[in-house]
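Undergrad: Would you mind keeping the following structure in view while I ask a few things?
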2 protein chains.
Amino acid sequence: MKPTIPKGTRDYSPQEVHRQNFIFDTIKKVFEKYGYQPIETPVMENLDTLLGKYGDEGDKLLFKVLNNGDFLSKADTDALDRRDSNGLVNSISKRGLRYDLTVPFARYVVMHQHEIQFPFKRYQIQPVWRADRPQKGRYQEFYQCDADAIGSESLMYEAEYVLMIDEVFTRLGLEVEIKINNRKILAGIAETVGIPDKMVAMTVAVDKLDKVGWDGVANELIASEVTQDQIDSLKKMYGSRQLEELKHLIGTSAIGVEGVNEITEVLVYLSNLSLTQQLTFDPTLARGLSYYTGCIFEVKSKEVQIGSMLGGGRYANLTEVFGLPGVSGVGISFGVARIFDVMQELNRFPEDIDQPIKVLLVALDETCHKWSFNLLHELHTNEIPAHLYPEPAKLKKQMKYADSSDTPYVIMIGSEEMSQERYLLKHMADGDQWQLSLAEIIEKLKPN
Amino acid sequence: MKPTIPKGTRDYSPQEVHRQNFIFDTIKKVFEKYGYQPIETPVMENLDTLLGKYGDEGDKLLFKVLNNGDFLSKADTDALDRRDSNGLVNSISKRGLRYDLTVPFARYVVMHQHEIQFPFKRYQIQPVWRADRPQKGRYQEFYQCDADAIGSESLMYEAEYVLMIDEVFTRLGLEVEIKINNRKILAGIAETVGIPDKMVAMTVAVDKLDKVGWDGVANELIASEVTQDQIDSLKKMYGSRQLEELKHLIGTSAIGVEGVNEITEVLVYLSNLSLTQQLTFDPTLARGLSYYTGCIFEVKSKEVQIGSMLGGGRYANLTEVFGLPGVSGVGISFGVARIFDVMQELNRFPEDIDQPIKVLLVALDETCHKWSFNLLHELHTNEIPAHLYPEPAKLKKQMKYADSSDTPYVIMIGSEEMSQERYLLKHMADGDQWQLSLAEIIEKLKPN
């Protein structure tokens, strides 16, 4: 049999793990510097916790885990007789794989509310599962990388997230645009234009402005029974992207003004600080309308055509569904797979992360091999990542192994080298070589 | 509703994540120094890959994932009509959660054999799932932490594992006994005693020698129809735990002598090196008889009564079941949960790993708060982990937050401090405080 893995899943090779860890470690370092603490939640959650949180479509995309043992003994017999898969699920499956990190986080906060200090700042880097149709570059199992600050309404956190985003992408060596908007501004615009009941349709249409232009947006809105007058008014509103002008235009909408004021306060926090990346107020930005209620964020690459590399925003009621109302929070989620693809495409991964190993020891006979094992131990004692070819095989074979495993240096140990205690150190890439004592080799290869 | 998590799963608090990561990082560092490279495999594997690899009992303990969509449309109707859960599973579930890291590793090696350089040294730290009955301290979802070297028969790797184990436990600050044995010695003993067909019963019984003594072992063996003469002979064999004596006693068993010679060669590799931990040849050691064929390892705490903290050994045929025969390998698996419990009990976790955050900024009014945000940014620019209370709340409230979140230092910023640009830095534990400029604070708190 030829083994395979499920569609939509993937193996990570050593190089891919090293590179992904480089991204994770960069993000983690910034998270921790800003006071975010790591938590982990189980891969399996009760289906009760997950169902109904992601809409009907989301419920269908949840992976459900079959109950163990004689699961049919408690199955819904009506559903069984009707061959009703949907109706049967609840009675044969009580657990599912998590779909995101946000709902498990809300569940965590409610369950541990008495151990937690609020505001609680946590980060979480774990895989999630969605039974989407697998596509090139899109998987059913993928990592999410979230930070949230929960238990405070302070807009300081929004400002802090801008700084964190700025630092992460700068450290990764990527050039991005950080977009910010506020859900209240979207509500204010809809109110001012006279379509408060069509806000979702409006934001979905306007979100495409950059791609389809005003003609395209207008067509879509007319289909949603927005009048030409309202569209003209909307167009005027989006004519300027200046905060002050917009505030004037939506001045009669209390919620709209509140949104503008919130963005303004975020910018006040940032006013004396210089960002490396570009920060843009973008009133067309809509994002996950489901639970965001205040500021929203998005990050786009300025170098590569690709979807957003980060999303986030403020939510007023994340934990309410689990019985803890009135806890405001704000969070961001890095799109690690996209960041990986962009860095890969632009060749931005540092070279030294792929290969932690420094040197291969090559012994030429059995006696030298035992001797080399001691040399290897000396290198390890000096924190030099090194390995010894497992047997005194032909020189050519051992050199080929060094080459194909990308080991930068080789030390050759023959009987003469052994008796003189001076060894041949060779740099594989440029062929330079030296006769050195072990102490000299250690000096040369030691990490700084 | 009060949310819960599935039985047998757990949340990890920030402290638990930090502590577990301390163990992982310690192990990883040693793995990488010895040339082991990380891989990751998907949580879901095809059930084809998993079934039949862990015995009947293991098959029952696999978590199976329900097929998506209208899974009943392809269900085995006979099994449905008979309400036969076991018979139905295959037709409604094609994926399962991995049960260990060994089978996925074998699957990985076979699938990627043409990209891999042999010997291939990989490590893997990921969770696994088993539907065991949950008990205190035993979970259905738990981490495994494995290293394997595959594609070489060299006993150098066995010696290398002894050094790696020695270094990991020493770095963790634990005192352990590293036990080594060889499956071939067990076969040789059984052969010599005249019970080659009862080797499994023999090893299972002898494995309990330390607990139940020879009377207990004898009772168990008699139940397996081993004669008193054979038991006497076995007792004599185990009278000495010296390799040379044992070699003499089992001298007529070719496989037994081979086992002794293998252990001897491992010890030759180690002969000039001094270990920190105790290494013991223990001919009673049996371990997972299922696939081990050569040397086997186990680690026991010398400080706490608890099961083994590491297991491992050599296997001749791990990848054969996936169509790649004749690839010998050797590997170890750290019992991270047990190591965690032992370190917790003995209070061996370093103090500074729980709290990466260094200082809380406490602002006394709105203007100071905005100003403090700039100070915070300066601290971050100097790589000092710091946070600012999100609003100028009452001093008492902010100090309480510093205290309950275990933040070591507080900086207080009032209007006077702001105008003089000198701030009050307070050490929370001993109450010491200083009036300092920002530069002086940075100097004091900067990481070394």
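Undergrad: Would you mind classifying segment A:1-125 by shape? Square roots of the alpha carbon gyration tensor eigenvalues, ordered a ≥ b ≥ c; an a/c under 1.5 is rounded, otherwise it is prolate if a/b is larger than b/c and oblate if not.
TA: oblate
Undergrad: Would you rank B:M202, B:M428 by solvent-accessible area, highest first, keeping every protein chain in place and using a 1.4 Å probe?
TA: So, going from the largest accessible area down, we get B:M428, B:M202.
Undergrad: Would you pull out the residues with amide H under 5 Å of A:Q278's amide H, same chain only if 5 or more places away, H placed 1.01 Å from N?
TA: Amide H neighbours of A:Q278, under 5 Å, 5+ apart: A:V176, A:I178.
Undergrad: Of all DSSP beta bridges located in segment A:355-445, what percent are antiparallel, nearest 5?
TA: 55 percent
Undergrad: One decimal, nm, shortest first: give the distances between the label point of B:Q435 and those of the same position in the other copies, each label point 7 Å from Cα along Cα→Cβ.
TA: When each copy's label point is compared with this one, the spacings are 6.9 nm.
Undergrad: Roughly how many debye, to the nearest 20, is the charge dipole of segment B:101-246 about its Cα centre, given +1 on each Lys and Arg Cβ, -1 on each Asp and Glu Cβ, and no other charges?
TA: Here the size comes out at about 520 debye.
Undergrad: Take the alpha-carbon positions of segment A:90-178, form their convex hull, and give its projected area averaged over all directions (one quarter of the hull surface) in nm².
TA: Taking the Cα atoms of segment A:90-178, their convex hull projects to 9.0 nm² on average.
Undergrad: How large is the accessible surface of B:T264 in square angstrom, using a 1.4 angstrom probe and rounding to the nearest 10?
TA: Approximately 50 Å² for this residue.
Undergrad: Give me the accessible area of A:T293, 1.4 Å probe, in Å² rounded to the nearest 10.
TA: We get 60 Å² for A:T293.
Undergrad: Expressed as a fraction of 2.2 N^0.38 Å, the rule-of-thumb size for a compact globular protein of N residues, what is the C-alpha radius of gyration of segment B:244-292?
TA: After normalising by residue count via 2.2 N^0.38 Å, the value is 1.32.
Undergrad: So, in segment A:139-286, how many Lys pairs have Cα atoms under 22 Å apart, if the pair is 8 or more places apart or on different chains?
TA: 21
Undergrad: If you take every DSSP beta bridge whose two residues both sit in the protein assembly as shown, what share of them, in percent to the nearest 5, is antiparallel?
TA: 80 percent
Undergrad: Suppose we keep just the alpha-carbon trace of chain B; what are its Rg and Dmax in angstrom?
TA: Both quantities, over Cα of chain B: 28.6, 94 Å.
Undergrad: Sticking with this one: Can you run the Rg to Rh ratio on the protein assembly as shown? Use alpha carbon positions and the Kirkwood inverse-distance Rh.
TA: 1.01
Undergrad: To continue, here is another question. Taking a 21 Å limit on the Cα-Cα distance, which of the listed pairs A:K64/A:K121; A:K60/A:K94; A:K94/B:K60; A:K29/B:K394; A:K394/B:K29; A:K29/B:K396 fall beyond it?
TA: A:K64/A:K121; A:K29/B:K394; A:K394/B:K29; A:K29/B:K396
Undergrad: Counting DSSP beta bridges in chain B, what percent are antiparallel, to the nearest 5?
TA: Rounded to the nearest five, the antiparallel share is 75 percent.
Undergrad: Ok, one more. So what's Rg/Rh here for segment A:210-363, counting alpha carbon atoms and using the Kirkwood radius for Rh?
TA: Looking at segment A:210-363, the ratio lands at 1.10.
Undergrad: Per residue, what accessible area does the protein assembly as shown have, given a 1.4 Å probe and all protein chains present, in Å²?
TA: For the protein assembly as shown, the solvent-accessible area averages 42 Å² per residue.
Undergrad: In nm, to one decimal, how far is the modelled label at A:T264 from the one at B:I306, with both set 7 Å along Cα→Cβ?
TA: Label-label distance for A:T264 and B:I306, simple model: 5.9 nm.
Undergrad: Now, a different point. Straight distance only, please: which aspartates and glutamates reach the Cα of B:K300 with their own Cα at less than 19 Å, same-chain residues fewer than 8 apart left out?
TA: B:K300 reaches B:D146, B:E158, B:E160, B:D166, B:E167, B:E175, B:E177, B:D207, B:D210, B:D282, B:D341, B:E345.
Undergrad: Can you give the relative contact order of chain A as a percent, counting alpha carbon pairs under 8 Å and 6+ residues apart?
TA: 14 percent
Undergrad: Using unit Cβ charges (K, R positive; D, E negative) and no other charged atoms, how large, in debye to the nearest 20, is the dipole of the protein assembly as shown about its Cα centre?
TA: The calculated dipole for the protein assembly as shown is roughly 1160 debye.
Undergrad: Take the eigenvalues of the Cα gyration tensor for segment A:355-445, scale each by 5, and report the square roots as semi-axes in whole Å, largest first.
TA: Three semi-axes, in Å: 16, 16, 13.
Undergrad: Then there is this: Once amide H atoms are built 1.01 Å from N in the peptide plane, which residues 5 or more positions from A:G311, or in another chain, come under 5 Å H to H?
TA: A:S333, A:G335
Undergrad: Let me ask something else. Using a Gaussian network for chain A with springs between C-alpha atoms less than 10 Å apart, which of these wobbles most: A:D207, A:D70, A:D100?
TA: Comparing A:D207, A:D70, A:D100 in a Gaussian network model of chain A, the most mobile one is A:D70.
Undergrad: Summarise the partner chain shielding of A:269-282 as one whole number: the mean count of Cβ atoms from other chains within 10 Å of each residue's Cβ.
TA: Averaged over the peptide's residues, the number is 2.
Undergrad: Could you identify which residue out of B:G307, B:G256, B:G414 has the top mean-square fluctuation in a GNM of chain B using Cα springs shorter than 10 Å?
TA: B:G414
Undergrad: Separate question: So how do B:149-155, A:103-109, B:219-225 stack up, highest first, on mean other-Cβ count within 10 Å?
TA: Result, highest mean Cβ count within 10 Å first: A:103-109, B:149-155, B:219-225.
Undergrad: Now a separate question. Give the Rg (one decimal place) followed by the Dmax (whole number) of segment A:177-298, computed from C-alpha coordinates and expressed in Å.
TA: Expressed in Å, the Cα Rg and Dmax of segment A:177-298 come to 14.1, 46.
Undergrad: Over the residues of segment A:319-366, compute the C-alpha Rg and express it relative to 2.2 N^0.38 Å.
TA: Working it through for segment A:319-366, the quotient is 2.45.
Undergrad: While we're on this one: Would you please give the FRET efficiency between A:E245 and B:E391, computed as 1/(1 + (r/R0)^6) with r the Cβ-Cβ distance and R0 = 41 Å, to the nearest 0.05?
TA: Efficiency for this residue pair is about 0.85.
The values are calculated or read from the model by the stated rules, or taken from the named source; none is laboratory data. For clarity, every value in this text was computed on a predicted model and none was experimentally measured. Ideal geometry is used to build each Cβ from the backbone, glycine not excepted, and the neighbour counts take in all protein chains shown. Calculation scope for accessible area: heavy atoms of the full protein, side chains included, ligands and nucleic acids excluded. Shrake-Rupley method; radii C 1.70, N 1.55, O 1.52, S 1.80 Å.
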